[in-house]
Amino acid sequence: MTPEALRSALLAWYDVGARDLAWRVGPSDGRGGVRADPYRVWLSEVMLQQTTVPHATPYFLKFTARWPTVSDLAAEEDGEVMAAWAGLGYYARARNLLACARAVARDHGGVFPDTEEGLRALPGLGPYTAAAVAAIAFDRPTNVVDGNVERVMARLFAVETPLPDAKPELKRLAEALVRDERPGDWAQALMDLGATVCRPKGPLCDRCPVAAFCAGLAGGAPETYPRRTAKAVRPHRHGVAYILTRGNEVALVRRPPKGLLGGMLALPTSDWRGVGWSDEEARHAAPVGADWRPVGEVEHGFTHFTLTLRLMRAEGDAEGLIWTPRSGLDALPSVFLKAARAGLNSLL
């Protein structure tokens, strides 16, 4: 079986069953001369880096309705964009999003560079995003390798090296299949295959258009690829979140611009440390004096650690806090929204 035969089979499958995505120009429209909007491609790729298509799509639609061009986004205030990003996680990506939009507007007249090298020079664009935008928006023959593509390559070629050590090999295997012919469709076909058929668990091999080429399937256990080294146990931290209410308002703070959840609105918290907090310690660390009472706790998982937040609640008033109506809390990062909802639902 030749690479050309594999490519032909996958592209034929994509032509018939490509996913209908809000940011995508489908294969039939592409053949009719419709070009993808680089802004929409770039925005979708940034949003999809750490979440799923169903979760990202409503955010994408809200962003593009509010900021239809990259110049519109570049002109917006940081806080507005950060609030709109809440729920997508990794707020450093939102800051990079703004930095990139402003560079495109300022240095390129609101037009994205049309080469991988030019895109790579923009702030916040890593190798994957630059390759994806170059291929999908500009039909450049780039090697677009995300987790889906890594999984497809590992199974097609039965790569025994475990991740992450296998990444260079998987990238080389993917690169050997890139051609000048339909590079944007090829990149998206691989993505669709990994997302809908060659799934992490329970791959649908009976529906796979390239099953005849798959060494992993021939070996009888495609679901065991890619091989993985054992994951290190994530450390666990403990903190205290303070829910201070004033009638229908809740006290918030702005987190420092650098670090985790930098620049975001949040509930006041203690430090996050490796040991739990007693009620006495939690009251002592409170941001303002009040009749603080424990009202439970919430658990949250970040990429590199897990967190238990003890919840303390009080009614009161204080200077230097950002008083926000309860109806306005949905823009909080998910960890603080979870804590606020749990604390506000408790009885004092």
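Every read-out reported here was derived from the displayed coordinates using simple, explicitly stated rules and does not represent laboratory data. It should be emphasised that the depicted structure is a prediction, and the values quoted were computed from it without experimental measurement. Positions of Cβ are backbone-derived with ideal geometry, glycine not excepted, and every protein chain shown enters the neighbour counts.
The table that follows gives values for the structure above.
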read-out: For the chain, size of Cβ-based charge dipole, Lys and Arg +1, Asp and Glu -1, in debye; value: 540
read-out: ASP72 paired with GLU281, simple spin-label distance in nm, labels 7 Å along Cα-to-beta-carbon; value: 4.9
read-out: Given charges at Cβ of Lys, Arg, Asp, Glu: the chain dipole, positive-most of THR196, PHE305, PRO257; value: PHE305
read-out: Rounded tilt (10° steps) of 3-17 against the dominant C-alpha axis of the chain; value: 60
read-out: Value of [θ]222 nm, deg cm²/dmol, for the chain, DSSP H segments ≥ 4, -39500 (n - 2.57) each, nearest 500; value: -12000 deg cm²/dmol
read-out: Spin-label model distance (nm) - ARG254 vs THR161, 7 Å beyond Cα toward Cβ; value: 4.7
read-out: Label-zone membership for region 284-300, site ASP317, 7 angstrom Cα→C-beta point, backbone N under 19 Å; value: 287-292
read-out: Global geometry of region 236-344, whether rounded, prolate or oblate, following the gyration tensor of its Cα atoms and the 1.5 cut on a/c; value: oblate
read-out: Whole-number percent relative contact order across the chain, with pairs defined as alpha carbons under 8 Å at least 6 apart; value: 15
read-out: Antiparallel bridge percentage (DSSP; both residues within the chain; nearest 5); value: 60
read-out: Contour excess over end-to-end distance, with Cα ends at ALA215 and ALA5 and 0.36 nm allotted per residue; value: 74.1 nm
read-out: Environment charge of VAL197, counting only residues whose C-beta is closer than 12 Å and scoring Lys/Arg +1, Asp/Glu -1; value: +3
read-out: The chain: angle of helix 127-138 to the longest principal axis, Cα-based, in degrees nearest 10; value: 60
read-out: Positive-pole candidate from SER44, VAL81, PHE213, dipole of the chain, charges at beta carbon; value: PHE213
read-out: Entries in LYS171/LYS201; LYS62/LYS338; LYS167/LYS258; LYS62/LYS171; LYS231/LYS258 that, when Cα-Cα distance is taken, lie over 32 Å; value: LYS62/LYS171
read-out: Of the GluC sites (Glu not before Pro) in region 81-177, those whose Cβ has at most 16 other Cβ within 10 Å and which sit in DSSP loop; value: GLU160
